[in-house]
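The values are calculated or read from the model by the stated rules, or taken from the named source; none is laboratory data. Remember, predicted model here, so these are calculated numbers, not experimental data. Backbone-built Cβ (ideal geometry, glycine too); neighbour counts: all protein chains shown. For the accessible areas, the whole protein counts, side chains as well, though only heavy atoms, and no ligand, DNA or RNA atoms are used. Shrake-Rupley method; radii C 1.70, N 1.55, O 1.52, S 1.80 Å.
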Amino acid sequence: MWASAVAENDGGTVAPRDTLTNAEVALLGLLSEAPKHAWQIERDVEHRSMRTWTELSQSTIYRQLHALERAGYVASTTDVVDGRARKVYALTDAGRAAVRDRLLAILSAPESPTWSVDLATYNLDLVPTADAIEALTRYRARLREAIAGWQATEEYMVASACPTHRLAVVRRPRYLLAAEIRWVDDFIAELEAR
């Protein structure tokens, strides 16, 4: 996991670090749209199903916003809504530069994903072949269901006039899952040929 955006230095003050976590990048990305209350951020995360593709959790949004504020990546003002004081967070120039740099780093470096199916495949000699084929057949069916779900999400986003770069977030899993289905088909054929 990437280092936190802030760290205590020897003087006890908070200093920015070189790298943002993926959750911090997600928060800064949301704040790049407009200044927001934490509850607005949570609503956006939920509405956009961001938890399916980022490590942003409801329980850490406030903590991460405070850390990003200490690092100078966001600034807050107090707004009164219905008689209650609420903090409004906005992206700073330093935050915009930090998130831009991190986004370019992410875009240019492929990740090595961890798939649980690899653990099962590696240890397949512990499972009868017929049972493995049956399980892989169920896995393939679930992959197809997931592709259909991503397709429905894309259709909703297209109808909502989402920009192309946001549509890419729901298109990419379909491509990855389709490739996984091709691997499953090949692997089942290899097992059946044994």
Mind checking the angle between helix 61-70 and the chain's longest principal axis? C-alpha axes, 0 to 90 degrees, to the nearest 10.
-> 50 degrees
Longest principal axis of the chain (C-alpha) makes with the long axis of helix 38-47 (C-alpha) an angle, in degrees to the nearest 10, of 20 degrees
Hey, what number do you get for the chain at 222 nm if only DSSP H runs of n ≥ 4 count, each worth -39500 (n - 2.57), divided across all residues, to the nearest 500?
-> -20000 deg cm²/dmol
Roughly speaking, to the nearest percent, how much of the chain's 1.4 Å accessible area is carbon and sulfur?
-> 55 percent
Would you mind computing, in nm to one decimal, how far apart the modelled labels at E55 and A97 are, each placed 7 Å from Cα along Cα→Cβ?
-> 2.6 nm
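Only four residue types carry charge here, +1 at the Cβ of Lys and Arg and -1 at the Cβ of Asp and Glu. Report the dipole size of the range 81-135 about the Cα centre in Debye, rounded to the nearest 20. Could the numbers behind the result be given before it?
Details: 6 positive and 8 negative charges, 164 e Å.
For the range 81-135, the charge dipole is close to 780 debye.
Could you give the dipole magnitude of the range 137-194 about its Cα centre, charging the beta-carbon of Lys and Arg +1 and that of Asp and Glu -1, in debye to the nearest 20?
The dipole of the range 137-194 has a size of about 160 debye.
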Calculate, for the range 138-181, the solvent-accessible area per residue in square angstrom, rolling a 1.4 angstrom probe over the heavy atoms of the protein chains.
-> 65 Å²
Per residue, accessible area of the range 62-106 with a 1.4 Å probe, heavy atoms of protein chains only, in Å², comes to 60 Å²
Treating only the Cβ atoms of Lys and Arg (+1) and Asp and Glu (-1) as charged, compute the dipole magnitude of the chain about its Cα centre; round to the nearest 20 debye.
-> 620 debye
Charge dipole of the chain about the Cα centre (unit charges at C-beta), most positive-ward option of I147, L136, A178 | I147
For Cα extents along the principal axes in Å the list reads (i) 65, 44, 34; (ii) 40, 40, 27; (iii) 67, 46, 30; the calculated value is entry (iii)
Angle in degrees between helix 22-33 and the longest Cα principal axis of the chain, rounded to the nearest 10 = 60 degrees
